[in-house]
Structures are given as structure tokens and as C-alpha cells.
1. Loop-only GluC sites (Glu not before Pro) in the range 23-132, please: DSSP not H, G, I, E or B, and at most 13 other Cβ atoms within 10 Å.
2. Can you tell me the length gained on complete extension of the stretch Lys114 to Asn221, counting 0.36 nm per residue apart and subtracting the Cα distance?
3. Rounded to two decimals, what is Rg over Rh for the range 178-285 when you use alpha-carbon atoms and the Kirkwood radius?
4. Kirkwood Rh over alpha-carbon pairs of the range 103-185, then Stokes-Einstein at 4 °C and 1.567 mPa s: what D in µm² s⁻¹, rounded to an integer?
5. Considering only Cα-Cα distances, which of the following residue pairs are longer than 32 Å: Lys190/Lys252; Lys79/Lys185; Lys104/Lys185; Lys100/Lys185; Lys206/Lys247?
6. Taking Lys107 as the anchor, which aspartates and glutamates have their alpha carbon closer than 19 Å to its alpha carbon, excluding any fewer than eight residues away along the same chain?
7. Going by how many other beta carbons lie within 10 Å of each one, how would you line up Ser36, Ser73, Ser171, fewest first?
8. Kindly put Cys43, Cys182 in sequence by how many other C-beta atoms sit within 10 Å of each C-beta, fewest to most.
Amino acid sequence: MNPKKNFFLWIVCLVIPIASCRWNEKVITRTDTPTSGEAWIACDESFEPVITEEINVFTGLNVEAIINPVFTSEQEAFKLLMNDSIRLIITARDITEPEKLHLKDLKRYPRSQKIAIDGIALIINKENKDSLLSVFDLQKIMTGEIQDWSLGSLSNSNKRPITIVFSTQNSSTLRFMIDSVCMGKNIDSKAVAATSNQEVINYVAKNPNALGIIGVNWISNPNDSTKLSFDNTIRVLSLSREVHPTKENSYKPFPAYLATGDYPLRRDIYVIISDVRGGLPAGFVSFLAGDSGQRIILKAGLVPATRPTRLINLKNDF
């Protein structure tokens, strides 16, 4: 055989296996932009209504964008972020320094932004005539020191037992109540954990003894432009920082009272992103912090964090 032909066949036999190996390698090339592509995000289930609306509007404006939300507990959302399974989460607390260091070890450089102020609402059955509650007595209710509706600052003469109900065992709402109201003490062992925030509303609507603890965006009335009404299947308690609550010193979780701090049970909402390359997650963050995203937050009964809010001084309707 011709030596030149042998040499050519030898080169071909060497190149084909190498090319075949490279062909079989998985080459992942991201093609998303700030307004197109597909992305997964994790969100604290407390904020499902408002974030669902944010996603619907964003994808409506950007028809080539697909955002897949995972509504879960705060604890699970951070777990997904720390495992680099998801690179954008929305939660009721900011990322900690140890968490930042962990992500930096994975070559991720997270940033966070406050997008809203949220309120924790206390909801009761419509048959319950109580309307005012002090933070001091709320703490006693949560820890089991007050166990019926006739004690403390409560006005009900019926000695019915109070049944506390919240969404899930790992909810950020429960963590907030333990940390900020109970000062680290355990809550009453008879408290009921529902399967979801919607189930909290359903439980309270059916049980006259219930005291539900829920994020205000779950009960806000989206059709009320004044943001001075809530879900009409339940009642919302007014809360006072004073030992003896009155109509003058008690407030409902309306946006104005969340903004001024008059309503005591308020917390910040953060969006945390570990993917800052300018793709779809970053585009969604910009939308949340922008004018359209902040208007949706206001419509949900929350306080926008990056846009000025006009406050109207109105008396509570008890």
C-alpha cells in the first residue's frame, strides 16, 4: 500500500474517536436574556399571590420569557439557593454573611435587594366580636398564657378557647412570630398547622374560636384601590403597641400603617440572586424593583420599597 495513503488513514482513525468524544460531551450554552428564555425561582409561600401576579405581568410583557416558580418554605428556598439548584429566591429575610461566603466558595456572588414591606395579619371568624388586641396580650396568646377570648384586652365575654392557626411548621410567618413577638419562646403546643395559607383562611372562616396568622397579601382586596378593605370571609384584628388598646392607638395592616410603622407586625421582603450575568433572573429582579413591579406590590396591599408612596390619614373602621 502507498505509504502516503497509510499515513492518511492513520490520521483519520486518530481524529474520528477524538471528534466522537467531543460530540458526546454536553456543552451547556445559556441563551437567556433579561427578557427572554426560561428560569426557575423559589419564593416563600407567604408571598405567593403577589409574586404570581408579578410573574404574570412580566411574562405578559415579555412573551419569550418563562419563569417557573417554586412556592415553598423560607427554609427550603435558602436550601435551594445554597445548593446552587436555584439562583433567585424571594424571602422574608436577607442573606447572612456565612451564606454569602458559602456561595462565594461555589463561585457565586449573591446580591440582595429589598422590594417591599409586608404585614402579618391576625384574622378571626366573622362571628367573633373582638376587634382590638395589644401586642402584650398577643404574646401571651402565642405562648399559651392566655387561652380564651375573655382574658386580657380581649372584649369577648364568651370563654371560648383560642385556637391559633398558621400555614406550615417551617413557615416564615411562624418564625417571625416566635422571634419578634414571643422573643424566642415556644408557641402554644395546641396551635394548629394548616397545609397552606389558603387553608388558614378557610379554617378561620369556619371556626369561631380561631385566630389565624397570615401574610397580608393573602387577604388584601385587589379591587379596592384605597387598600382599606380585606377578604370579606374573615375579620382582621387591629393591633396596639400599648398595654390597653383603644380605637385611637390600634391599627390594621393597611399599607399606610405598615409604611409609618404604626402597625407592629411588619417585615421586609427581599429578592436574593446569585446569578448576576444579566440573564432572565436579573431581568426579573429589575422588573420587581422597577415602576411596574412596585405598583403590583402596592396593589397587593404591601408597601413598595423603591418607589415613594402617598399616605392618606384615615381612621380605622372598627
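Just so it is clear, none of the values below were taken in a lab; they were calculated from the coordinates. This is a predicted model, so every value here is computed, not measured. Neighbour counts are summed over all protein chains in view; Cβ atoms, including those assigned to glycine, are modelled from backbone coordinates with ideal geometry.
1. Filter output for the range 23-132: Glu25, Glu64, Glu127.
2. 36.2 nm
3. Rg/Rh for the range 178-285 comes to 1.03.
4. Once the numbers are plugged in, D ends up at 84 µm²/s.
5. Those over the limit are Lys104/Lys185.
6. Answer for Lys107, where 19 Å is the Cα cut-off: Asp84, Glu97, Glu99, Asp275, listed by chain and number.
7. The fewest-first ordering by Cβ neighbours comes to Ser36, Ser73, Ser171.
8. Details: Cys43 25, Cys182 18.
Fewest-to-most Cβ neighbours within 10 Å comes out as Cys182, Cys43.
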